[in-house]
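Comments concern the structure below.
The values are calculated or read from the model by the stated rules, or taken from the named source; none is laboratory data. All figures in this text were calculated on a predicted structure; none of them were measured in a lab. Cβ placement follows ideal geometry from the backbone for every residue including glycine, while neighbour counts extend to all protein chains displayed. Heads up: the accessible areas ignore ligands, DNA and RNA and are worked out on the full protein's heavy atoms, side chains in. Shrake-Rupley method; radii C 1.70, N 1.55, O 1.52, S 1.80 Å.
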Amino acid sequence: MSKKVHKQYIYPFPNKASRQSLLNIGKSLVGSSNWYQLQWNLLDKLESKPWLILWGTKDEFITTEYLQKWKERLPNAVIKEFNCGHFLQEEKAKETITEIKEFMKMDS
């Protein structure tokens, strides 16, 4: 992402130390909460629905290890991987818009 866009995301957190607690909160949410686990367990109720998963393979926080879990859980999902980080909407905006539009056409 451009430096200008990056600045918008980090502006409220002016230094690395101020962002560390946010990273820890985020990490604590992934797969550790009973509520999130319940949602994961109930996913079979929605697995017959069309799914589009867009994934940045360079995401250091939500790694491709998690993508593999989604692939196994939703084997019929349309999955598009991008050579970028966490913010696909910023880093690969045109590509993600194209994929969403194509996906929406499939279901209509």
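Are any residues in the stretch 1-60 among the aromatic types (Phe, Trp, Tyr) and without any contact (Cβ under 8 Å) to a residue 24 or more places away in the chain, and if so, which ones?
Listed by number, the residues that qualify are 11, 13, 35, 36.
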Original post:
From the residues in the stretch 1-37 that are assigned to a helix (DSSP H, G or I) and among the hydrophobic types (A, V, I, L, M, F, W, C), which one is farthest from the chain's Cα centre (by Cα)?
Top reply: 17
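Quick one: in the stretch 94-108, which of the residues that are acidic (Asp, Glu) and under 25 Å from residue 2 (Cβ atoms) is least open to solvent (accessible area, probe 1.4 Å)?
Ranking the candidates gives 99 first.
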Original post:
Could we say that residue 13 is in contact with a His (Cβ under 7 Å, 6 or more places away or on another chain), of a type outside the set (Asp, Glu) and modelled with pLDDT under 90 here?
Top reply: no
Original post:
Has the stretch 5-22 got at least one residue that is among the aliphatic types (A, V, I, L, M), closer than 28 Å to residue 104 by Cα and open to solvent by less than 60 Å² (accessible area, probe 1.4 Å)?
Top reply: yes
Original post:
Considering only residues of the stretch 56-93 that are modelled with pLDDT under 95, among the polar types (S, T, N, Q) and not in a helix (DSSP H, G or I), which is most open to solvent (accessible area, probe 1.4 Å)?
Top reply: 76
**OP:** Would you check which residues across the stretch 23-55 are open to solvent by less than 90 Å² (accessible area, probe 1.4 Å) and small (Gly, Ala, Ser) and list them?
**Re:** 26, 28, 31, 32, 33
